[in-house]
Amino acid sequence: MWTRIRSWARAMLRRARMESEMDAELRFHIEAFAEDLVRSGVPRPEALRRARIEFGGIERAKEECRDARGVNFVESILQDLRFGLRTLRKNPGFTAVAVMTLALGIGANTAVFTVVNGVLLRSMPFPEADRLFLVSLNTGFQQFDGQPEVSDRDYLAFRGQEQSFEQVTSFSQGTTANLTGAGDPVHIPVAYVTTEFFPTLRTNPVIGRGFAAGEDEPGRDNVVVLSNELWKERFGAHREILGKTVRLDGISRTVIGIMPPGFEFPGVKVWMPLAIRVDDNSFMRPVVGRLRSRVTPQQALAELKTVAKHLGPERDRIPRILPLKDLLVANIRPSLLVFAGAVAFVLLIACANVANLFLARATGRFQEMAVRSALGAGRWRLMRQLLAESTLISLAGGAAGILLAFWGVRALMALAPAGKVPRMEMIRIDGWVLAFTFGLSVTTGVVFGLVPAFRATSHGARESLGPAARGVIGGRERIQSALTVSEMALALILLTGAGLMLKSFLRLRAVNPGFSTHSVMTTTVDLPDSEYRTANQMQAFHTRMLGELSRLPGVLAAGAVNWIPLGEILAEGTFQVEGSKRPPGFMVDKPCVSPGYFKAMRMPVLRGRDFTESDSATTPGVVIVSQTVAQTLWPGQDPIGKRISMEDEPKPEDWLTVVGLVEDVKQQGLAKGSEPAIYQPYLQVPQPFFLNHMTFVVRTALPPDSVAAGMRAVLRNVDKNQPIAITSMDSLVATTTAEPQFQTRLLATFALVALALTIVGIYGVLAYAVAQRTREIGVRMALGAQSRDVMQMLLRKALVLMSMGIILGGAGGFALTRVLTKFLFEVKPTDVPTFAAVALTLVLSALAACYVPARRAMKVDPMVALRYE
């Protein structure tokens, strides 16, 4: 195949030379043959004549030579393209509609492919990234969302036994730190990594160095590597930063390196050394290894399974080897695949639409095809001409689609929830995207042009020019109807998916979180251990903050909670119940709050009392429980006065008295269940771990934004080194629903485009039917048919197409919408009311599309129609 292509290209590029060589060679053979005849006694003029007769003519021989070398084939293709361009220029309306229709389909596919290519297909930006794999030894009882991790204890054992990896490294993610002394205090993401981290990834700092062996030991671990972006943003890109210190969480650390631009794995600004030690705690962390050159992932997995068997029988470990990319893209992959499927449906509908246009246009070219056939053009030659035209249309649509994709990608990135689409720096239109668009355009041109070309050339000249042409037209009308039914079925599937997502989103927005979000502003602080070492210091900070916040103008109530609802972070655990046993497996959230918190959040105390300032370390311990806790532990009883303990083996002073009852709240998101909770007053919590992260909430009678300046002033006054981040509870709720809202908007956009294309397709089919049956309609009206009879005839045809499309689309929808199960909230993928509403919408839209052709048919003048043709 490639040899033939190269020969065609060579023949076209060297045509002048080839023609000269052919002339010289043929003349040589004729002269040589003539000389042989002259030597045998034949006069020279006669010898030349016989030689030419023997060779059959120079031009004929040259033509055979051109065919053998593929020149004629290439020339005919170029002729087809030139003729196609002239034909399309003569029909600008048809060309514009077809190009714009395909531009929508191809542009949407290009935009989504650009995102898929950047997020899922591009390799990680590391040398030999295909050798980097995540090692996972999660256990069956761990409640992680597929996060591949290894415990510290297992990591140390695995690192000492593995043979498949050149190097392995462990690191933490999801950690933050307060950066001070470099402009305004700021909260930045950081990672603690083992000293093998940068060598494993084979990415070293562009300035300075990475971590050396032993720099994870106490006393030597106060070193840090900065990202290029943070270096430029906060330190002016000065190389003198090396050897100087920066303050992170109040600790001075020496800068030893600056990473290359774009390197922020795993999504952080700063890297610090991590020492893996096993004591009473063994944390779970991601582990990355670089495979040796001749080791396959399957071999590494087999070794990992062997290692897992020797780690001890106390837990059921699940060994897995995954590409490093999965750490970032595992959660987004299902959404992108659904969107890719949706835009593929849009392109299929666009193809069906343009195929219908070509079929309708082919009717006016019957005689042209028949004449060309009668003059000797073969069927393949005619089909090639028509396919050249469809391919030109598709390539023009692809070119316009790329322009739409540039806008579409920017729109997708702007609409995407912040932080939900990983690897956004890799999303761009490049050579691979352009190659995809070109291949898609060519394939699309062949797909939608094949059926019209086949039908246009399936009959001979006699059939096309004679009375049988009406049968040919009838066959084309059946194909158009089939394509329209397909359009309706595909549109129904897309509309159903969008309808399910919309219904799910509306139900999610209607969920009662258990508190009121309006007119509430929040600010969160993370107190560094270096400056706030004890619980008393942290409690003093919180008390001062609450006092100053409550005195701000317009503040109705101020409170604090260590883990804000809908923040997706919580501390969950067990407890003991006085006089009875806790139900097996029953665990609760353990937030600590301040007096006034329930008032600020409008979480009414249903029974008992709220916390007060007197609930301190010097008074008996008290708690407030949520309804689920009370109903589970003391069904049918008053919980007030009951006692529980947060300790596994409580001493007399560890028992806490229930003084109040509140409703359950949504702690981990609106789509999750309400969490049972036991609240403690923060002044009675002795563990610093429960106090170093605190969110202050302020309910105001003034517009919420007007309080923000006062809250900033309070935080600067209490501790000027604390980063300031103030948000409203409404925005926090919007953040929790941002991803389903984005998914719903995107799927609904694709569905509406599909609906518009389908309406245009139905209109085209009926308009074509009216044009072809004008004479028939005139005869019917001349024989007494009324306008309503003509209307019924056309609507009957439209209703048949609609019914078939809805039946096929409904069946396809019941089968395909199951892929949306993961994205739906309190809605089944086979929700009958949604299917019915979508089907009704599609029918009404289709009937609206029928209106103009039907009105045109009703106004047909019988006298004019009988002279038609």
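For the subset of the range 807-845 comprising residues that are in contact with a Pro (Cβ under 6 Å, 6 or more places away or on another chain) and of a type in the set (S, T, N, Q), which member is least open to solvent (accessible area, probe 1.4 Å)?
Among those that are in contact with a Pro (Cβ under 6 Å, 6 or more places away or on another chain) and of a type in the set (S, T, N, Q), it is 817.
Can you tell me which residue is most open to solvent (accessible area, probe 1.4 Å) among those in the range 298-335 that are assigned to a helix (DSSP H, G or I), touching a strand residue (DSSP E or B) at 6+ places or on another chain (Cβ under 7 Å) and charged (D, E, K, R)? Give the derivation first.
Initial filter on the range 298-335 (assigned to a helix (DSSP H, G or I)): 298-309, 326-329, 333-335.
Now restrict to residues that are touching a strand residue (DSSP E or B) at 6+ places or on another chain (Cβ under 7 Å): 300-301, 304-305, 308, 326-327.
Still in the running and charged (D, E, K, R): 305, 326.
Numbers: 305: 102, 326: 32 Å².
Taking the candidates together, the pick is 305.
Criterion first (closer than 30 Å to residue 712 by Cα and either touching a Pro at 6+ places or on another chain (Cβ under 9 Å) or open to solvent by 10 Å² or more (accessible area, probe 1.4 Å) (or both)) does residue 221 satisfy it?
Working: closer than 30 Å to residue 712 by Cα: no; either touching a Pro at 6+ places or on another chain (Cβ under 9 Å) or open to solvent by 10 Å² or more (accessible area, probe 1.4 Å) (or both): yes.
Against the criterion (closer than 30 Å to residue 712 by Cα and either touching a Pro at 6+ places or on another chain (Cβ under 9 Å) or open to solvent by 10 Å² or more (accessible area, probe 1.4 Å) (or both)), residue 221 does not qualify.
Given the condition crowded, with 16+ Cβ neighbours inside 10 Å and part of a helix (DSSP H, G or I), answer yes or no: does some residue in the range 600-609 qualify?
For the range 600-609, residues crowded, with 16+ Cβ neighbours inside 10 Å and part of a helix (DSSP H, G or I): present.
Working carefully through the options 338, 287, 295, find the one that is β-branched (Val, Ile, Thr), within 24 Å of residue 426 (Cα to Cα), at pLDDT 85 or above and open to solvent by 10 Å² or more (accessible area, probe 1.4 Å).
On the way: 287 fails: open to solvent by 10 Å² or more (accessible area, probe 1.4 Å); 295 fails: within 24 Å of residue 426 (Cα to Cα).
From the options 338, 287, 295, the qualifying one is 338.
Conditions (1) over 32 Å from the mean Cα position of the chain (by Cα); (2) crowded, with 16+ Cβ neighbours inside 10 Å; (3) of a type in the set (Ser, Thr, Tyr), marked per residue:
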site: 186; (1), (2), (3): no, yes, no
site: 192; (1), (2), (3): no, yes, yes
site: 206; (1), (2), (3): yes, no, no
site: 249; (1), (2), (3): yes, yes, no
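What is the one condition in (1) of a type outside the set (Ser, Thr, Tyr); (2) closer than 20 Å to residue 204 by Cβ; (3) open to solvent by less than 20 Å² (accessible area, probe 1.4 Å) that residue 239 does not satisfy?
(3)
Looking only at the range 482-524, filter to residues that are surrounded by fewer than 18 Cβ atoms within 10 Å (Cβ to Cβ) and among the small types (Gly, Ala, Ser); which one of those is farthest from residue 761 (Cα to Cα)?
516
In the range 666-698, which residue that is part of a strand (DSSP E or B) and either under 37 Å from the mean Cα position of the chain (by Cα) or at pLDDT below 90 (or both) is surrounded by the most Cβ atoms within 10 Å (Cβ to Cβ)?
Filtering the range 666-698 for residues part of a strand (DSSP E or B) gives 675, 677-681, 693-698.
Those left that are additionally either under 37 Å from the mean Cα position of the chain (by Cα) or at pLDDT below 90 (or both): 675, 677, 693-698.
Values: 675: 21, 677: 27, 693: 17, 694: 26, 695: 19, 696: 25, 697: 26, 698: 29.
Ranking the candidates gives 698 first.
Among the residues of the range 228-242, write down those that are in contact with a Gly (Cβ under 9 Å, 6 or more places away or on another chain) and either of a type in the set (Gly, Ala, Ser) or not in a helix (DSSP H, G or I) (or both).
242
I'm trying to understand the selection: among the residues of the range 622-649, which are open to solvent by 20 Å² or more (accessible area, probe 1.4 Å), closer than 22 Å to residue 685 by Cβ and small (Gly, Ala, Ser)?
641, the sole residue that qualifies.
Would you check if there is a residue in the range 265-283 being part of a loop (DSSP other than H, G, I, E, B), modelled with pLDDT of 90 or more and open to solvent by 50 Å² or more (accessible area, probe 1.4 Å)?
yes
Only one of 540, 560 is out of contact with any Gly (no Cβ under 7 Å at 6 or more places or on another chain), among the small types (Gly, Ala, Ser) and either surrounded by fewer than 22 Cβ atoms within 10 Å (Cβ to Cβ) or assigned to a loop (DSSP other than H, G, I, E, B) (or both); which? Please lay out each step first, then the result.
Values: 560 fails: either surrounded by fewer than 22 Cβ atoms within 10 Å (Cβ to Cβ) or assigned to a loop (DSSP other than H, G, I, E, B) (or both).
Sole residue among the options that is out of contact with any Gly (no Cβ under 7 Å at 6 or more places or on another chain), among the small types (Gly, Ala, Ser) and either surrounded by fewer than 22 Cβ atoms within 10 Å (Cβ to Cβ) or assigned to a loop (DSSP other than H, G, I, E, B) (or both): 540.
Given the criteria assigned to a helix (DSSP H, G or I) and open to solvent by 40 Å² or more (accessible area, probe 1.4 Å), does residue 347 qualify?
Working: assigned to a helix (DSSP H, G or I): yes; open to solvent by 40 Å² or more (accessible area, probe 1.4 Å): no.
Against the criterion (assigned to a helix (DSSP H, G or I) and open to solvent by 40 Å² or more (accessible area, probe 1.4 Å)), residue 347 does not qualify.
Hey, can you tell me all the residues within the range 569-590 that are touching a strand residue (DSSP E or B) at 6+ places or on another chain (Cβ under 9 Å) and hydrophobic (A, V, I, L, M, F, W, C)? Break it down into steps so the answer makes sense when it comes.
Our first condition is that a residue be touching a strand residue (DSSP E or B) at 6+ places or on another chain (Cβ under 9 Å); within the range 569-590, this holds for 569-579, 582, 587-590.
569, 570, 571, 575, 577, 587, 588 - these are the residues of the range 569-590 that are touching a strand residue (DSSP E or B) at 6+ places or on another chain (Cβ under 9 Å) and hydrophobic (A, V, I, L, M, F, W, C).
Looking only at the range 699-730, count every residue that is of a type in the set (Ser, Thr, Tyr) and either in a loop (DSSP other than H, G, I, E, B) or open to solvent by less than 50 Å² (accessible area, probe 1.4 Å) (or both) and tell me the total. Step through it out loud before you land on a result.
Restricting attention to the range 699-730, the residues satisfying the condition of being of a type in the set (Ser, Thr, Tyr) are 700, 706, 727-728.
From what's left, either in a loop (DSSP other than H, G, I, E, B) or open to solvent by less than 50 Å² (accessible area, probe 1.4 Å) (or both): 700, 728.
Result for the range 699-730: 2.
Can you name every residue in the range 263-307 that is closer than 30 Å to residue 246 by Cα and among the aliphatic types (A, V, I, L, M)?
Of everything in the range 263-307, those that are closer than 30 Å to residue 246 by Cα and among the aliphatic types (A, V, I, L, M) turn out to be 268, 270, 272, 274, 275, 276, 278, 284, 287, 288.
Hey, any hits in the range 572-579 for a residue that's under 38 Å from the mean Cα position of the chain (by Cα) and at pLDDT below 90?
The answer is yes; a qualifying residue exists.
Considering only the range 534-560, state which residues are aliphatic (A, V, I, L, M), closer than 21 Å to residue 688 by Cβ and in contact with a Ser or Thr (Cβ under 6 Å, 6 or more places away or on another chain).
Of all residues in the range 534-560, those aliphatic (A, V, I, L, M) come to 535, 538, 540, 545-546, 549, 552, 555-558, 560.
Then drop every residue that is not closer than 21 Å to residue 688 by Cβ, which leaves 535, 538, 540, 545-546, 560.
Those that are aliphatic (A, V, I, L, M), closer than 21 Å to residue 688 by Cβ and in contact with a Ser or Thr (Cβ under 6 Å, 6 or more places away or on another chain): 546, 560.
If you check residue 520 against the conditions, is it modelled with pLDDT of 85 or more, hydrophobic (A, V, I, L, M, F, W, C) and touching a strand residue (DSSP E or B) at 6+ places or on another chain (Cβ under 9 Å)? Give the derivation first.
Numbers: modelled with pLDDT of 85 or more: yes; hydrophobic (A, V, I, L, M, F, W, C): yes; touching a strand residue (DSSP E or B) at 6+ places or on another chain (Cβ under 9 Å): yes.
Considered against the rule, which asks whether it is modelled with pLDDT of 85 or more, hydrophobic (A, V, I, L, M, F, W, C) and touching a strand residue (DSSP E or B) at 6+ places or on another chain (Cβ under 9 Å), residue 520 comes out as yes.
Exactly one condition in (1) exposed (fewer than 15 other Cβ atoms within 10 Å of the Cβ); (2) of a type in the set (Gly, Ala, Ser); (3) under 30 Å from residue 637 (Cα atoms) is false for residue 530; which is it?
It is condition (3) that residue 530 fails.
Within the range 165-177, can you find the residues that are surrounded by 22 or more Cβ atoms within 10 Å (Cβ to Cβ) and over 29 Å from the mean Cα position of the chain (by Cα)? It would help to see each step written out before you state the result.
Taking the range 165-177 and keeping what is surrounded by 22 or more Cβ atoms within 10 Å (Cβ to Cβ), we get 165, 169-170, 177.
Once the filter is applied, which keeps residues that are surrounded by 22 or more Cβ atoms within 10 Å (Cβ to Cβ) and over 29 Å from the mean Cα position of the chain (by Cα), the range 165-177 yields 165, 169, 177.
Would you check if residue 354 is closer than 24 Å to residue 758 by Cβ, open to solvent by 40 Å² or more (accessible area, probe 1.4 Å), modelled with pLDDT of 80 or more and of a type in the set (A, V, I, L, M)? Please lay out each step first, then the result.
Values: closer than 24 Å to residue 758 by Cβ: yes; open to solvent by 40 Å² or more (accessible area, probe 1.4 Å): no; modelled with pLDDT of 80 or more: yes; of a type in the set (A, V, I, L, M): yes.
In short, no.
I need a count of the residues in the range 146-186 that are under 25 Å from residue 712 (Cα atoms), part of a strand (DSSP E or B) and not hydroxyl-bearing (Ser, Thr, Tyr). Walk me through how you get there before you give the answer.
Going residue by residue through the range 146-186, those that are under 25 Å from residue 712 (Cα atoms) are 175-186.
Those left that are additionally part of a strand (DSSP E or B): 175-180, 186.
Within this subset, residues satisfying the condition of being not hydroxyl-bearing (Ser, Thr, Tyr) are 177-179, 186.
Adding up the residues that qualify gives 4.
Tally up the residues in the range 255-277 that are in contact with a helix residue (DSSP H, G or I) (Cβ under 9 Å, 6 or more places away or on another chain) and free of Cβ contacts under 8 Å to residues at least 60 places away in the same chain, please.
Within the range 255-277, residues that are in contact with a helix residue (DSSP H, G or I) (Cβ under 9 Å, 6 or more places away or on another chain) and free of Cβ contacts under 8 Å to residues at least 60 places away in the same chain number 7.
From the list 737, 749, pick out the single residue that is modelled with pLDDT of 85 or more and either within 30 Å of residue 94 (Cβ to Cβ) or among the aromatic types (Phe, Trp, Tyr) (or both). Before you say what the answer is, go through the steps one by one.
Details: 737 fails: either within 30 Å of residue 94 (Cβ to Cβ) or among the aromatic types (Phe, Trp, Tyr) (or both).
Criteria check complete, one pass: 749.
For the range 419-429, which positions are in contact (Cβ under 8 Å) with a residue 40 or more places away in the chain and open to solvent by 30 Å² or more (accessible area, probe 1.4 Å)? Talk me through it step by step, then tell me what you get.
Initial filter on the range 419-429 (in contact (Cβ under 8 Å) with a residue 40 or more places away in the chain): 420-429.
Within the range 419-429, 420, 424, 425, 428, 429 meet the criteria.
State whether one or more residues within the range 407-418 are surrounded by 14 or more Cβ atoms within 10 Å (Cβ to Cβ) and either more than 30 Å from residue 125 (Cα to Cα) or modelled with pLDDT under 80 (or both).
Taking every residue of the range 407-418 in turn, none turns out to be surrounded by 14 or more Cβ atoms within 10 Å (Cβ to Cβ) and either more than 30 Å from residue 125 (Cα to Cα) or modelled with pLDDT under 80 (or both).
The values are calculated or read from the model by the stated rules, or taken from the named source; none is laboratory data. Remember, predicted model here, so these are calculated numbers, not experimental data. Don't worry about glycine lacking a Cβ; one is built from the backbone with ideal geometry, like all the others, and counts go over all protein chains shown. Remember, those area values only see protein heavy atoms, side chains included, never the ligands or the DNA or RNA. Shrake-Rupley method; radii C 1.70, N 1.55, O 1.52, S 1.80 Å.
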